[in-house]
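Participant: Questions regarding the structure given below will be posed in turn.
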Amino acid sequence: MTTAQFTTADGASPKAPSAGPPGTPAGSRQAPRKPRRRPDQVRSSVAAWAAVGVIGLFGLLPMYWMLVTALSPPGQAFRFPPRFFPTEITFAHFRAFAENDKLFDYMVNSVIVAGVTALLSVVVSTYMGYSFSKFRYRGRKSLMNFVLASQMFPQALLLITLYAVFRQFDLLGTYTALILSFTTFTMPLCVWMLKGIFDTVPDALLEAAAIDGASRWRTLHSIVAPLAAPGMVAAGLFAFVRGWNDFIFALTLSGDDTMTLPPGLVNTYIGEFQTAWPALMAASLIVSVPVVVAFMFLQRYLVGGLTAGAVKS
Amino acid sequence: MTPPSASPKQAAPAPPAPSPTPARTSRPAKREGQRLSNGAFAFLLTVPGLALFAAIVFYPLVASLVTGFFDQDLRLPGRTFVGLDNYADVLDRDFWPVLENTLVFTVGATLAPFAVGFALALALNTGLKGSGFLRGLFLFPWVIPGVVVSFLWMWIFNANYGVLNGALLELGFIDESVSWLGEPTTAMVAVIVTKTWASFPWMMVMMLAGLQTVPRELHEAAAVDGAGAVRRFRAVTWPGVRGVAAIVLLLEFIWNFQHFDTIYVLTGGGPAGATETFAVAVYQDAFKGFDLGHAAALGGLWMLLLLVLVGVYLKTSEREDKHS
């Protein structure tokens, strides 16, 4: 690119991102650091911002609306047409959630069930993922495919028999039933994530451990597992989130005392006549918080971890 | 030399695979104190997981399919063998309408979020300021629980107080409030919009990952050669992400084909069965209608269709694997 082109670019579109703030003389100190853009790059960045803007409206406005409703006193929430900017706000709905014993119990159940599911998934998946990653044996590929495919089996169909099986063993309505059934749909993801993580542990390390006389168990537990710990935490968080979010298994297999938040909220708020929308939106926000926090920690694993199970093997 | 069976390394900065190690061979190690061969040890590691799968996935699945040949009530013990009666009944009555609903939902809820997610990924990939922050922000809809997503959109679509009706009335697009979830056509659209909102972020993340594998130099070279934006997209961008797009679309299609939460909470399959997909129909048959045999027969046919999709998925992902 020549200097002439730079000048043309600036002349043609004074709003080019690389142009200095208004009033700064042309060729300000920013110029050498950031190469100025050609006109088509400016156009494409305008198009990019337009796309982000439109999708932003679709993607983010609903969440804004959830927040506004949760903060609205009932009189305001049910005004029609609704006000985009609320004139008065209240935290009463959040307080009501905290003071509702039933909801608190659901939340405790959710923490227990999702937490144990995460632990169990990680333990079981660590062994399986390690086996898939560091050993070569007949049937390995088929097993891996089976695990991958198992997350695509229809849950509604599984439930028909799971319900009967758990009833037969008197487990219906217990934490055990929920945890076991949750684990089956969290495990495939965990296995593939952990396999990906073990793949990055150099084989030379295992070799060295073997030469030093460590048994294979010891190698896995004392050498490989600590190295893979961050990945195991990530897998655990994923499993926790999946368990926390599950609706259909919890709806069907839990009892009054073990019900988790998603079916609990449906039972509490979706009334036959008039739903308490502001309270429900407040509860929805509260239920989303742990998941959102978990994912903030998980951001950097997201692409690697999810694509591991989906795109690559 | 690396043996041909060496695992494909995932992370780019992974060190080159070292020479074959004892852990990698499947022949029994000769060292003392190792009674198990490596193969047996490796299999032992998978046993807890496999046991769980066998008990909670495989057995129930097979048992469900068997149930399809019986007349069985959820509330009562015992069952009667009826052969193919349930299947005949299902094919006669609800299979086809449910298949149609499922296909409409699945195609809509796969293509729409793909379009939105891909557009966003392309936009973010141009190197906008703060695109990392934006990516995180746009992930929120995907992260929040499915039931919450349904509540939120149920409120937005609310016929009496919903913000959508409010906005459209104010802007003059409609003359009177629409009962979005109460009319068969709009209910299906509403369900698809809701699912689109929940899954476009995943599409965005995956396509962004795909786009980042397309070398920037290729774009620049094409631009220098005078290729316009559309041309560059067709010649450089699309070939680079086609593989990822295929996998992502297929996966989303499979997931949507058995999606339950949003539809069940938003419409319960209504109005008048307009949004009744396989997942909802099987669930309703079994746990609201208590007709396990009927539910299992419908579920069996559903499973058959899913298996075909899963087979295609496994083939495709293997092929993509060899490419990368």
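What follows is calculated from the coordinates using simple rules that are stated; it is not laboratory data. Please read all numbers here as calculations on a predicted model, not as lab measurements. Every residue, glycine as well, gets a Cβ built from its backbone with ideal geometry; the counts of neighbours run over all protein chains shown.
Listed here are the residues, each with its yes/no results for (1) over 30 Å from B:ARG216 (Cβ atoms); (2) in contact (Cβ under 8 Å) with a residue 60 or more places away in the chain.
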{"site": "B:THR110", "(1), (2)": "no, yes"}
{"site": "B:PRO113", "(1), (2)": "no, yes"}
{"site": "B:ALA119", "(1), (2)": "no, no"}
{"site": "B:VAL143", "(1), (2)": "no, no"}
{"site": "B:ASN165", "(1), (2)": "yes, no"}
{"site": "B:GLY172", "(1), (2)": "yes, no"}
{"site": "B:ASP175", "(1), (2)": "yes, no"}
{"site": "B:PRO184", "(1), (2)": "yes, yes"}
{"site": "B:ALA187", "(1), (2)": "yes, yes"}
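Participant: Is it the case that some residue within the stretch B:85-92 is within 14 Å of chain A (Cβ to nearest Cβ) and charged (D, E, K, R)?
Facilitator: No.
Participant: Let me ask another. Yes or no: the stretch B:283-299 includes at least one residue that is without any contact (Cβ under 8 Å) to a residue 60 or more places away in the chain, over 23 Å from B:GLY83 (Cα atoms) and facing chain A (nearest Cβ under 10 Å).
Facilitator: no
Participant: Show me the helices (runs of 4 or more DSSP H) found entirely inside the stretch A:211-304 where at least 2 residues are touching a Cys at 6+ places or on another chain (Cβ under 9 Å). Walk me through how you get there before you give the answer.
Facilitator: Details: elements: A:225-245, A:248-253, A:261-269.
Output list reads A:225-245.
Participant: Further, regarding this structure: So is B:ALA279 closer than 24 Å to A:ASP246 by Cβ and crowded, with 19+ Cβ neighbours inside 10 Å or not?
Facilitator: Working: closer than 24 Å to A:ASP246 by Cβ: yes; crowded, with 19+ Cβ neighbours inside 10 Å: yes.
Yes, satisfied.
Participant: Starting from residues that are part of a loop (DSSP other than H, G, I, E, B) and of a type in the set (Gly, Ala, Ser), keep the ones in the stretch B:221-235 and report whichever is farthest from B:ALA119 (Cα to Cα).
Facilitator: B:GLY226
Participant: May I pose another question? Can you list the helices (runs of 4 or more DSSP H) lying wholly within the stretch A:99-175 that have 3 or more residues being more than 28 Å from B:LEU306 (Cβ to Cβ) and without any contact (Cβ under 8 Å) to a residue 60 or more places away in the chain?
Facilitator: Per the criteria, A:101-134.
Participant: Kindly establish whether B:THR80 is more than 26 Å from B:HIS219 (Cα to Cα) and surrounded by 20 or more Cβ atoms within 10 Å (Cβ to Cβ).
Facilitator: no
Participant: For the stretch B:113-158, enumerate the residues that are under 17 Å from the mean Cα position of the chain (by Cα) and facing chain A (nearest Cβ under 7 Å).
Facilitator: Across the stretch B:113-158, the qualifying residues are B:VAL116, B:LEU139, B:PRO141, B:VAL143, B:ILE144, B:PRO145, B:GLY146, B:VAL147.
Participant: I'm told B:TYR161 meets every condition in (1) over 21 Å from the mean Cα position of the chain (by Cα); (2) within 8 Å of another protein chain (Cβ to nearest Cβ); (3) crowded, with 16+ Cβ neighbours inside 10 Å; (4) not in a loop (DSSP other than H, G, I, E, B) except one. Can you identify the failing condition by its number?
Facilitator: Going through the list (1) over 21 Å from the mean Cα position of the chain (by Cα); (2) within 8 Å of another protein chain (Cβ to nearest Cβ); (3) crowded, with 16+ Cβ neighbours inside 10 Å; (4) not in a loop (DSSP other than H, G, I, E, B), B:TYR161 breaks only (4).
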